[in-house]
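Here is the structure we will look at.
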Amino acid sequence: MHGFANPARFLRMARWLMPLMLVPGLILAFGALAWGLFMVPPDQLMGQTVRILFIHVPSAWLGMAGWSTIAIASLVELVWRHPLAGIAARAAAVPGAAFTAICLATGSIWARPTWGTWWVWDGRLTSFLILLFLYFGYIALAGAAQRDAAAGEGASRVTAIFGLVGAVNIPIINRSVVWWNSLHQPPSITAGKSAIDAAFLYPLLIAALGFTLIFGGLVLARMRMLLADIQTEARLRRKAMA
Amino acid sequence: MSTMIKPKHQRLVLIVLALVALIGAGLLAAIALRNQAAYFYLPSELVAKPPEMGRAVRLGGMVEKGSIRTQPDGVTINFIVKDDKARVPVRFSGITPDLFVEGSGVVAEGRMEGTTFVADNLLAKHDEKYVPREMKNMSTAEAKAVIAETK
């Protein structure tokens, strides 16, 4: 893994891997969304509104996968001091926050016609809103730490610690519909079982794969951007010294 | 040599211990929140421990099949919310959400008046099953068989 400690080697790989993820990701995601929008039959109770499933559920998974990425990368940064881990964690924050926001917005739009309300403070909805606020906090903290580092105050580990501590919310989101009576229904897909009919399940899984590839491509793109920022900063400082 | 611990491993042990403590604290908090964080009472909970009359609470359960009765005024309905242990009669005046049907989940916001739960608002609760409309005309057993195929 320390083979990638050399940013130049990582950048060479990221350059071809990024389009390799983004292009198939976009094709799969839009294909699955079109399938879900035009070809899937209406649900017996929810009717046409079931089509929002194909954007709501993959966004929810990626909102949580985004923070899991932050947590794992933060652990690698703190324990092994891998130079790219902190960059990877910071790169995952903005796409993760975006998917979390999409999940909350589509969920709210879906809730109005089905449940009869835009929002309720039940366990699932509240813990997911907290996830969005954790992302905002993380992004602000990472930005502040980067400015400190640029000002020569040394690398801050606070961001990584916050990334790890925030991960406590992930199992809470996952279990919220099991532990507490909630308006949100319990999970439809659990270890190898699905209460979702095949007509909905296949486009959902393809949409999830497509969204995941897009997420991966975005993280790589942001890692390249953050590394370029650091290089520019270092070069400017050398010029100022000279 | 045996007393030498690599700083890398020291950090790993330290962080794992901190995480275990953190997750433990989170679990304890979640258990403590068990009752307060519940969005609604089940009928059996409401019957076993009735809240004070007039206190705003939420009642969640299944709408009993064949229990919805519309009153002569046309906007007031009576129905029964049940779980596997208890049944609570509910009265509601107003427009019901689309998913409010017999045999499906509901969350009623309101208060106990005598033995009847008077609801100001109804929220429909969807279950975890997604079934295409064509299957609606199948018998329950057939639909279950189709759903089971995807498991």
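The values are calculated or read from the model by the stated rules, or taken from the named source; none is laboratory data. None of these values were measured; they are calculated from a predicted model. When we count neighbours, we look across all protein chains shown, and the Cβ atoms used for this are built from the backbone with ideal geometry, even at glycine.
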Exercise. So which of A:LEU53, A:LEU125, A:LEU45 is within 19 Å of A:GLN185 (Cα to Cα), within 13 Å of chain B (Cβ to nearest Cβ), assigned to a loop (DSSP other than H, G, I, E, B) and not aromatic (Phe, Trp, Tyr)?
Worked result: A:LEU45
Problem set entry | Filtered residues of the stretch A:183-242 (kept if of a type in the set (Phe, Trp, Tyr) and more than 20 Å from A:TRP67 (Cβ to Cβ)) | A:PHE200, A:TYR202
For this session: Report the residue count in the stretch A:203-234 for those that are of a type in the set (Ser, Thr, Tyr) and touching a residue at least 40 places away in the same chain (Cβ under 8 Å).
Result: 1
For this session: Identify the residue in the stretch A:214-233 that is of a type outside the set (Val, Ile, Thr) and crowded, with 20+ Cβ neighbours inside 10 Å and, among all such residues, is nearest to B:LYS129 (Cα to Cα).
Result: A:PHE215
For this session: Report yes if A:GLY96 is under 23 Å from A:GLU77 (Cα atoms), crowded, with 21+ Cβ neighbours inside 10 Å and away from every other protein chain (no Cβ under 14 Å), otherwise no.
Result: yes
Exercise. So which strands (runs of 3 or more DSSP E) stay within the stretch B:30-112 end to end and still have 2 or more residues that are under 29 Å from A:TRP179 (Cβ atoms) and within 14 Å of chain A (Cβ to nearest Cβ)?
Worked result: B:57-63
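Each row is one residue, and each column tells you yes or no for (1) farther than 16 Å from A:ARG222 by Cα; (2) surrounded by fewer than 22 Cβ atoms within 10 Å (Cβ to Cβ).
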{"site": "A:ARG9", "(1), (2)": "yes, yes"}
{"site": "A:LEU22", "(1), (2)": "no, yes"}
{"site": "A:GLY25", "(1), (2)": "yes, yes"}
{"site": "A:ALA32", "(1), (2)": "yes, no"}
{"site": "A:PRO41", "(1), (2)": "yes, yes"}
{"site": "A:ILE52", "(1), (2)": "yes, yes"}
{"site": "A:GLY86", "(1), (2)": "no, no"}
{"site": "A:ALA91", "(1), (2)": "no, no"}
{"site": "A:THR100", "(1), (2)": "yes, no"}
Problem set entry | Within the stretch A:179-202, considering residues that are surrounded by fewer than 19 Cβ atoms within 10 Å (Cβ to Cβ), assigned to a loop (DSSP other than H, G, I, E, B) and modelled with pLDDT under 85, the one farthest from the other protein chains (Cβ to nearest Cβ) | A:ALA191
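Taking the criterion of being without any contact (Cβ under 8 Å) to a residue 12 or more places away in the chain, part of a loop (DSSP other than H, G, I, E, B) and over 23 Å from B:ILE23 (Cβ atoms), would at least one residue in the stretch A:157-177 satisfy it?
The initial filter retains those residues of the stretch A:157-177 that are without any contact (Cβ under 8 Å) to a residue 12 or more places away in the chain, namely A:165, A:168, A:171, A:175.
Filter again for part of a loop (DSSP other than H, G, I, E, B), leaving A:168.
Those left that are additionally over 23 Å from B:ILE23 (Cβ atoms): none.
No - not one qualifying residue is present in the stretch A:157-177.
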Exercise. Looking at this structure, is A:GLY36 within 25 Å of A:THR100 (Cα to Cα) and either of a type in the set (Phe, Trp, Tyr) or under 17 Å from the mean Cα position of the chain (by Cα) (or both)?
Worked result: no
